[in-house]
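Only one structure is covered here, and it is reproduced in the block below.
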Amino acid sequence: MPNWDYTKKAYYSITINTKKKGNIFGEILNGTMILNALGKIADEYAIEIPKHFSHVKLHEYIVMPNHVHLLLEIFKKPDVKKPLQNIKKFSNGKTQHCCVSRSKKLYIENFDRGMTSNIETEHCSVPPLNENIASSTIKYHHKVGSISVIVRSYKSICTREIHKLNGQKYFKWQSSFYDQVIFDEQYFQNTLLYIRNNPKNPSQK
């Protein structure tokens, strides 16, 4: 979301896609996601996120055949005293460098008046190298403890561990990811149920 501080307290629905389509992380059988070795790695490190980012709660997640859904909550300010501590422990940092921040879907209402904000944004999970990139992009999307930093760390550790598997050196994520900032309790519950029931959705097969 343009000019949104991604370290602010809020719920965040995140979708991270693999570079290739197909049953990368496993397959859906009878409405149940059956994880393969790659999927088990993606699953393991999704659970680990709150252990490395103490300002974050993981309310729900699901590893699907070629993408991962996360429902995160930033419930307090990140600890900025040791800004690189978490990223070093959780990440190897070998990712493509780009900077994307564009709306995929935009429906904004004034949530300051108690109304819902429903914004889906595609943006990059790695810091920009281009010095001409607007400083606000760096300020809001790549701050210590931000959603972009969390996703970048998650993607990096998964990639590193998957590449250790025989024949999996070519695994890649898409360089960007999608997020929605959720302010409405009902929308939060709907998102939680959507993620939980995602394998039962025929469109996901």
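What the table shows:
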| quantity | calculated |
| --- | --- |
| Filter result for the condition that a residue is crowded, with 19+ Cβ neighbours inside 10 Å, closer than 16 Å to SER148 by Cα, modelled with pLDDT under 95 and not aromatic (Phe, Trp, Tyr), over SER101, SER54, SER117, SER13 | SER101 |
| Among the residues listed as TYR194, TYR187, the single one being under 24 Å from ASP5 (Cα atoms) and either touching a Phe, Trp or Tyr at 6+ places or on another chain (Cβ under 7 Å) or not basic (Lys, Arg) (or both) | TYR187 |
| Enumeration of residues in the stretch 16-44 that are surrounded by 17 or more Cβ atoms within 10 Å (Cβ to Cβ) and among the β-branched types (Val, Ile, Thr) | ILE16, THR18, ILE24, ILE28, ILE41 |
| Failed item, numbered, when ILE162 is tested on (1) modelled with pLDDT of 95 or more; (2) under 23 Å from ILE24 (Cβ atoms); (3) in contact with a strand residue (DSSP E or B) (Cβ under 7 Å, 6 or more places away or on another chain) | (3) |
| Pick from the stretch 172-192, criterion part of a loop (DSSP other than H, G, I, E, B) and modelled with pLDDT of 95 or more, ranking: nearest to TYR45 (Cα to Cα) | LYS172 |
| Unique residue being at pLDDT 95 or above, of a type outside the set (Phe, Trp, Tyr) and on the phi > 0 side of the Ramachandran plot when the list is GLY93, GLY26, GLY39, GLY31 | GLY26 |
| Residues that are acidic (Asp, Glu) and crowded, with 19+ Cβ neighbours inside 10 Å, drawn from the stretch 162-193 | ASP179 |
| Cβ pairs under 7 Å, 6+ apart, first in the stretch 50-66 and under 21 Å from GLU27 (Cβ atoms), second part of a strand (DSSP E or B) and of a type in the set (Asp, Glu) | PRO65/GLU27 |
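The values are calculated or read from the model by the stated rules, or taken from the named source; none is laboratory data. Quick caveat: nothing in here was measured; it's all calculated off a predicted structure. Cβ coordinates were reconstructed from backbone atoms using ideal geometry, including for glycine residues, and neighbour counts include every protein chain displayed.
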